[in-house]
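Visitor: Below is one structure. I have some questions about it.
What follows draws every value from the coordinates through simple rules; no lab data is involved. Predicted model, so just to flag it, every value in this text is computed and none were measured. Here the Cβ is made from the backbone with ideal geometry for all residues, glycine too, and neighbour counts use every protein chain on show.
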Amino acid sequence: MILAALPYPQIDPVLLHLGPFAIRWYALAYIAGLLLGWGGIILILRRKPFWAALPFNGKPPATEDQIGDLVVWMTFGVIIGGRLGWDLIYGVILCSVSPYADFCRGLPMEFATNPIKIIAAWEGGMSFHGGLLGVVIAMWWFCRRQKLNLLSIADLVCLVAPI
């Protein structure tokens, strides 16, 4: 019997090894998404007709420099939130329910006895849910410190989020 299915591609998650360091495909995706999103927001801010009507009255909701700073905050938010989200969702909740999964290896008790495991992304991973929450918290905190309208900044970020 012939199965009509495509074989699952076996793609190595590591693009290249530089000594003890490995450059992974998903790291490049994070970097590309953040840089392309940053560039997209800058292009939007430069379009004067977008800001001519109410409530903007010719003034964009943020400057290009503020958006650059926001990207730095959001980068930390996605990395910290993504890692802590993995620790909570997979390392604590899932490993408490199913401790014999391959990736558990003593989790969640390992977090208490060896706290470096909390930041050891090379042994676990990152969670989309945590990364999203980290970005939201970073945006809220940044807008609060810069006295920017959170909803206007969130609208800009949502325009480029699919990238």
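Visitor: Taking Rh as the Kirkwood radius, which is the inverse of the mean 1/r over Cα pairs, what is the Rg/Rh value for the chain? Mind showing how you got there, number by number?
Guide: Working: Rg = 20.3 Å, Rh = 18.5 Å.
Rounded to two decimals, Rg/Rh equals 1.10.
Visitor: May I ask you to evaluate 6.51 cos²θ - 1.76 cosθ + 1.60, the Karplus curve with θ = phi - 60°, for each residue of segment 20-35 and list the ³J(HN,Hα) values in order in whole Hz, giving x for glycine and proline?
Guide: Listing the rounded values in order: x, 9, 10, 9, 9, 4, 5, 5, 5, 5, 4, 4, 4, x, 5, 5 Hz.
Visitor: Dividing the alpha-carbon radius of gyration of segment 1-66 by 2.2 N^0.38 Å (N being the number of residues), what value is obtained?
Guide: On the way: Rg = 21.7 Å, N = 66, 2.2 N^0.38 = 10.8 Å.
Here the answer is 2.01, to two decimals.
Visitor: I've got another one for you. So, in Å, what gap is there between the alpha-carbon centers of segment 128-143 and segment 28-98?
Guide: The two parts, judged by their Cα centres, are 8 Å apart.
Visitor: Obtain the nm distance between the two label points defined at residue 158 and residue 16 by a simple spin-label model: each point lies 7 Å from its Cα along the Cα-to-C-beta direction.
Guide: For the pair residue 158/residue 16, the computed spacing is 4.0 nm.
Visitor: Using only helices, what value at 222 nm comes out for the chain when you add -39,500 (n - 2.57) per DSSP H run of length 4 or more and divide by the total residues, to the nearest 500 deg cm²/dmol? Walk me through the numbers on the way to the answer.
Guide: On the way: 5 runs with 80 residues, N = 163.
Per the formula, -16500 deg cm²/dmol.
Visitor: Further question: Go through segment 15-118 and name the trypsin sites (Lys or Arg not before Pro) that are in a DSSP coil and have 13 or fewer other Cβ atoms within 10 Å of their Cβ.
Guide: Values: sites: 24, 46, 47, 83, 105, 117; in loops: 47, 105.
Those that pass, being in a loop and sparsely packed, are 47, 105.
Visitor: Which is the longest run of the chain containing none of the chymotrypsin sites (Phe, Trp or Tyr not before Pro) found in DSSP loop states (not H, G, I, E, B) with at most 11 other C-beta atoms within 10 Å? Working shown, then result.
Guide: Numbers: sites that count: 100, 122.
Maximal segment without exposed cleavage sites: 1-99.
Visitor: By the 4.7 Å beta carbon criterion, which cysteine residues of the chain come out unpaired?
Guide: Taking the Cβ cut-off of 4.7 Å, the unpaired cysteines of the chain are 143, 158.
Visitor: Considering the dipole of the chain built from charges on the beta carbon (Lys and Arg +1, Asp and Glu -1) around the Cα centre, which of 57, 90, 113 is farthest to its positive end?
Guide: About the Cα centre, the residue reaching furthest to the positive side is 57.
Visitor: Viscosity 0.890 mPa s, temperature 25 °C: Stokes-Einstein D of segment 41-97 from its Kirkwood Cα radius, in µm² per second?
Guide: Details: Rh = 14.1 Å.
It comes out at roughly 174 µm²/s.
Visitor: Could you tell me the relative contact order of the chain? Use alpha-carbon pairs under 8 Å, at least six residues apart, and round to a whole percent.
Guide: RCO, the chain: 26 percent.
Visitor: A further question follows. Just how many % of Cα pairs in segment 62-141 lie over 16 Å apart, if you round to the nearest whole percent?
Guide: Working: 1678 of 3160 pairs.
Counting pairs separated by more than 16 Å, the tail of P(r) holds 53 percent.
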